[in-house]
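The values are calculated or read from the model by the stated rules, or taken from the named source; none is laboratory data. Predicted, not measured: the structure shown is a model, and the values here were computed from it. As a convention, Cβ positions derive from the backbone with ideal geometry for all residues, glycine included, and neighbour counts pool all protein chains shown. Quick note on the areas: whole protein, heavy atoms, side chains included, nothing else; ligands and nucleic acids left out. Shrake-Rupley method; radii C 1.70, N 1.55, O 1.52, S 1.80 Å.
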Amino acid sequence: QINTRQSKSEFVIVGDLHGSLDSLIRIFDEKGYPNTTRYLFLGDYVDRGKNSCEVIILLYALKILYPDNIYLIRGNHEFRFITDQYGFKAECIKRVKRTINGNVIHDGKLFYHLVTESFKYLPICAILDDSIFCVHGGITSYVQSRDELLSISKVDVHFSSNDLIQAELLWNDPDHSILAYYQSPRGLGCIFGKNALDSFLENMKFSLVIRGHQSES
């Protein structure tokens, strides 16, 4: 849970970065660096882009330097079965290396293992000011109260489609053409409509949901 009201700093919420260091630096240039501005990032830091290594290293370094100004939650790409396929693993193996006494040491596999291991420590959602629910994917039909939501444990390195709460929070998307829940065309999670959202907000006593996971073309 994060309190933004008692801070004089601006609070900025950032969606999927997908290895775009240029996008991350542009956001900092426009909104302020984390020594003056507070940030919540909604996951999907790696894969697809060409600078996933730099993005995750920079975010982790800033979290260490400014722990109260940088918050990171987990996206559906912060799992090995996804990063194996969508570029982060290949980038690590290709780019992470060092030179000792003229010999090139390739550390990519170790770096990849350590970073993906660290993902299990990221929370799966965040609550702002006791009223705003922030998540990578979407709402879930398997949690019926705030107490149940707060009792959700962080998930491990490996994604489990049998963990329906995890799957829905990470993969669900809104769809204006339906009212409740329906199977997602992504193959994991569901799409959800207005009635499902209204029910979730009422049961959880939230006023708003902020999410990432989808990009506008």
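Taking amide H as placed 1.01 Å from N in the peptide plane, ILE70 has its amide H under 5 Å from the amide H of TYR39, each at least 5 places away in sequence or on another chain.
Relative to the longest principal axis of the Cα atoms of the chain, the long axis of helix 21-31 lies at roughly 60 degrees.
Just want to confirm a number: the relative contact order over the chain, from Cα pairs under 8 angstrom separated by 6+ residues, in percent. Don't skip to the end; give the middle numbers.
Working: 409 pairs, mean separation 40.5, N = 217.
Normalised by residue count, the contact order of the chain is 19 percent.
Could you work out [θ]222 nm for the chain from helices alone, using -39500 (n - 2.57) per DSSP H run of at least four and dividing by all its residues? Round to the nearest 500 deg cm²/dmol.
Details: 8 runs with 72 residues, N = 217.
Computed ellipticity for the chain at 222 nm equals -9500 deg cm²/dmol.
To the nearest ten degrees, helix 108-118 and the longest principal axis of the Cα atoms of the chain are 30 degrees apart.
Once you order the gyration tensor axes a ≥ b ≥ c over the Cα atoms, which shape class does segment 13-95 get: rounded for a/c under 1.5, otherwise prolate or oblate by comparing a/b with b/c? Taking the square roots of the gyration eigenvalues as a ≥ b ≥ c, segment 13-95 is prolate.
At a probe radius of 1.4 angstrom, the accessible area of segment 130-217 per residue rounds to 56 square angstrom.
Each residue of segment 39-48 was assigned a 3J(HN,Hα) from its phi angle through the Karplus curve 6.51 cos²θ - 1.76 cosθ + 1.60 (θ = phi - 60°); the sequence is 9, 10, 9, 9, x, 6, 7, 10, 6, 6 Hz, with glycine and proline shown as x. With the cut-off at 1.5 for a/c, could you classify segment 126-217 from its C-alpha gyration tensor as rounded, prolate or oblate? Here segment 126-217 falls in the rounded category. Loop-located GluC sites (Glu not before Pro) in segment 112-217 (DSSP state not H, G, I, E or B) with no more than 14 neighbouring Cβ atoms inside 10 Å: GLU216. Give the shape of segment 65-119 as rounded, prolate or oblate, defined through the alpha-carbon gyration tensor: a ≥ b ≥ c are the square roots of its eigenvalues, a/c under 1.5 means rounded, and otherwise the shape is prolate if a/b is larger than b/c and oblate if not. Oblate shape, in that a/c is at least 1.5 and b/c is the bigger or equal ratio.
Across segment 56-114, how many lysine pairs, 8 or more positions apart or on different chains, have C-alpha atoms separated by under 17 Å? Please give the number.
Taking the Cα cut-off of 17 Å, the pair count is 4.
Amide H contacts for HIS77 (H built 1.01 Å from N in the peptide plane; partners 5 or more residues away or on another chain; cut-off under 5 Å): ASP44.
Using a 1.4 Å probe on the protein chains only, how many percent of the accessible area of the chain belongs to carbon and sulfur?
Details: 6000 of 11560 Å².
Taking all protein chains in place, the chain shows 52 percent carbon and sulfur surface.
Once backbone amide H atoms are built at 1.01 Å from N, CYS125 has ARG74 as its partners under 5 Å, excluding neighbours fewer than 5 places away on the same chain.
Of the beta bridges DSSP finds with both residues in the chain, what % are antiparallel, to the nearest 5? Don't jump to the answer; show the numbers that get you there.
Details: 11 of 25 bridges.
So the antiparallel bridges amount to about 45 percent of the total.
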